[in-house]
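What follows is calculated from the coordinates using simple rules that are stated; it is not laboratory data. Please read these numbers as outputs of a predicted model, since none were measured by experiment. Please note: Cβ atoms are built from the backbone with ideal geometry, for glycine as well, and neighbour counts cover all protein chains shown.
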Amino acid sequence: MMKNPILKAGALLLIFTAISVFFVALTQDSTKEKIKYNEDQLLIKRLGELVSNYDNNILEDKFSKEVTLHGLQQKVGIYPVKQQGKLFAYLIEHTYPNGYNGNIRLLTGFDIKHQLLGVRVITHKETPGLGDKIETRKSDWIKQFSGLSLFNPQKSDWKVRRDGGVFDSFTGATVTPRAIVSAAYQVLVYFTQHEIN
């Protein structure tokens, strides 16, 4: 007698779970293209914030390379930037793993003399109201990297002020600015010492 209601409840639960999984999968499949489109649009916007005087299709010219960067084996996206067929800069899409709340996906641009065009955040999980000031829509803080190089400032100054460097941090949030400063410097070091192609 008791077995029948338990089996019935189990069967109903199984059917409900199967239907739920079906609809979650359907929703994920139907939004995958939209999410990819939105990510591409954000990337295009970030690319445009770092460089504007190019005439090649930098999205089509993108290539990937496996590197060890920021202590992490990762595939970086490399966007060659050209004008009239002449290369004048690179934009590097990379992951810095040591943000306050994990990975920070960045776009770092530099010219062929290894002078920074700038750094922009693509994605992050930093604390809203504190660490999210690395976004240009929240603050201009990240714009201070434009024009810097390995020797401007000196190596010992590539730190936040709290650590004896020249870069400001945010009130209540030092880990996130430290991460961006470190990531920018490490990209410059790596791509100065290694072939890009």
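Each residue of the range 1-83 gets 163 Å³ once the volume of the Cα convex hull is shared out per residue. Go through Phe151, Pro97, Leu12 and say which Cα lies farthest out towards the positive end of the charge dipole of the chain; charges sit on Cβ, +1 for Lys and Arg, -1 for Asp and Glu. Highest projection toward the positive end goes to Leu12. Based on the Cβ-Cβ distance from Phe22 to Thr68, what FRET efficiency comes out when R0 is 45 Å, to the nearest 0.05? With R0 = 45 Å, the Cβ-Cβ based efficiency is 0.60.
The Stokes-Einstein estimate for the range 55-146, based on a Kirkwood radius over Cα pairs and taken at 25 °C with 0.890 mPa s viscosity, is a diffusion coefficient of 173 µm²/s. To the nearest ten degrees, helix 175-193 and the longest principal axis of the Cα atoms of the chain are 60 degrees apart.
When +1 charges are put on Lys and Arg Cβ atoms and -1 charges on Asp and Glu Cβ atoms, the dipole computed for the range 155-197 relative to its Cα centre reaches about 160 debye. Roughly speaking, what % of Cα-Cα pairs in the chain are separated by over 29 Å, rounded to a whole number? That fraction is 35 percent. What's the local net charge at Arg162, with K and R +1, D and E -1, over the other residues with C-beta under 15 Å away? In short, 0. Placing dummy labels 7 Å off each Cα toward the beta-carbon, the span from Lys36 to Lys86 is 3.7 nm. Result for the chain in a Gaussian network model with C-alpha springs under 10 Å: among Glu135, Glu60, Glu93, the largest mean-square fluctuation is at Glu60. Rounded to the nearest 20 debye, the dipole magnitude of the chain is 460 debye, with +1 charges on Lys and Arg beta carbons, -1 on Asp and Glu beta carbons, and the Cα centre as origin.
Are any of the pairs Lys62/Lys82; Lys82/Lys138; Lys32/Lys82; Lys62/Lys86 more than 21 Å apart by Cα-Cα distance, and if so, which? Cα-Cα > 21 Å for Lys82/Lys138; Lys32/Lys82; rest within. Structure remark: mean-square fluctuation, Gaussian network model of the chain, C-alpha springs under 10 Å; the largest value among Tyr185, Tyr96, Tyr37 belongs to Tyr37.
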